[in-house]
Every structure is written in structure tokens, then in C-alpha cells.
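Read through the structure below, which is laid out as C-alpha cells, and then see the notes.
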Amino acid sequence: MLLYIDAGDILFLIAAFLAGVAMAGQGSMNSAVSKAIGLSESTFIVHLSATLVMFIILLLGLGNGNWANYTKVPWYYYAGGLIGVMITYGVVISIAKLGAAVATTSIIVGQVLAACLLDHFGLFGLEKVPMTWLKLLGVGFLALGAKLLLG
């Protein structure tokens with residue numbers, strides 16, 4: 001069935017939805033900080049505060065990872081931090097110019113299209129999930145939604 005959702009997935013769908021809600025709020029807050037102190041400065045503050053929070057979480061022993069595997073990860077996987085800075089810049093400047101709704105919808109279109117391609121090719125250790133015409137149509141509808149939000 002096309003709309004069937006496994007009960008075990010509900011929690012993860014809710015978590016993803018809430019992450020999206022948080023992203024829209026965070027982007028708007030970051031944009032406001034950027035207007036007050038500057039784009040690079042606000043990006044620095046965002047990432048510094050995130051680093052401090054994670055440092056405290058690790059100091060409290062709330063992490064359950066294995067630091068011994070640090071060297072076993074390909075070096076280019078660690079580019080995620082650099083990409084995070086680029087994402088923050090993109091979110092801040094797009095929300096400031098387009099507004100939260102249009103910018104966030106455009107960001108989601110990019111995320112979904114990229115995610116479909118990552119799945120299709122099984123990049124970064126993901127299980128291959130084929131791109132279908134239906135998925136491509138869904139991305140098209142998301143893009144149409146972004147256009148409709150522009151008014």
C-alpha cells in the first residue's frame with residue numbers, strides 16, 4: 001500500500017518532523033543574530049555553542065560511541081563540519097532574503113533530491129534504494145510548493 005507506515009517508524013518520523021520544525025526556527029534565529037552581529041560572526045557563535053553543548057554531553061558520559069574507531073573513518077567523511085558551516089551560511093542568507101517559509105521549502109527540496117540520489121547510488125555506506133519516477137514526481141511537487149509559496 002502506498003501510504004502504509006510501519007508502526008515502528010512512527011517515532012522516527014516524528015523525530016524527523018520535529019527536526020524540520022527546529023530547523024525553521026533555528027534558521028530564523030540565526031538570521032536575526034546575523035543581522036545584529038554579522039554573517040560570519042553568527043555562524044561562529046552557532047557552531048561554538050553547538051561544540052560546547054556536545055563537549056558537556058561527552059563530559060557527562062552521555063555518549064556511547066567508540067573513539068578508538070576515529071582513524072577507521074575515511075578522512076573525507078569528516079568534511080561534515082565544513083559542510084555544516086556552508087549550510088548555516090546558506091540558511092541564514094536565504095531566510096533573510098526569502099523569508100522562513102520559502103527558504104525552508106527550497107532547502108527541503110534540495111535535501112530530498114540529494115537524499116534520493118544518495119540512496120540511489122548507495123553513497124557513504126547507505127543501502128541502495130532506487131530512485132523512482134514517483135519519488136522524482138514528489139520532488140517536483142515539493143519544488144512546485146516552493147514556487148507557490150513565493151506568491
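The condition of being more than 21 Å from Leu82 (Cα to Cα), exposed (fewer than 11 other Cβ atoms within 10 Å of the Cβ) and not β-branched (Val, Ile, Thr) holds for only one of Leu52, Leu59, Leu13, that being Leu59.
In the range 126-147, the count of residues that are without any contact (Cβ under 8 Å) to a residue 40 or more places away in the chain and touching a Pro at 6+ places or on another chain (Cβ under 9 Å) is zero. For the range 38-65, filtering for residues that are assigned to a helix (DSSP H, G or I) and at positive phi leaves 0. How about the range 29-44: which of its residues are over 11 Å from Thr88 (Cα atoms) and touching a residue at least 12 places away in the same chain (Cβ under 8 Å)? Once the filter is applied, which keeps residues that are over 11 Å from Thr88 (Cα atoms) and touching a residue at least 12 places away in the same chain (Cβ under 8 Å), the range 29-44 yields Val33, Lys35. Of the helices (runs of 4 or more DSSP H) lying entirely inside the range 66-151, those containing at least 2 residues that are open to solvent by 90 Å² or more (accessible area, probe 1.4 Å) and closer than 24 Å to His47 by Cα span 80-98.
The values are calculated or read from the model by the stated rules, or taken from the named source; none is laboratory data. Nothing here was measured: the structure is a model prediction, and the numbers come from that model. Ideal geometry is used to build each Cβ from the backbone, glycine not excepted, and the neighbour counts take in all protein chains shown. These area figures cover heavy atoms from the full protein model, side chains too; ligands, DNA and RNA do not enter into them. Shrake-Rupley method; radii C 1.70, N 1.55, O 1.52, S 1.80 Å.
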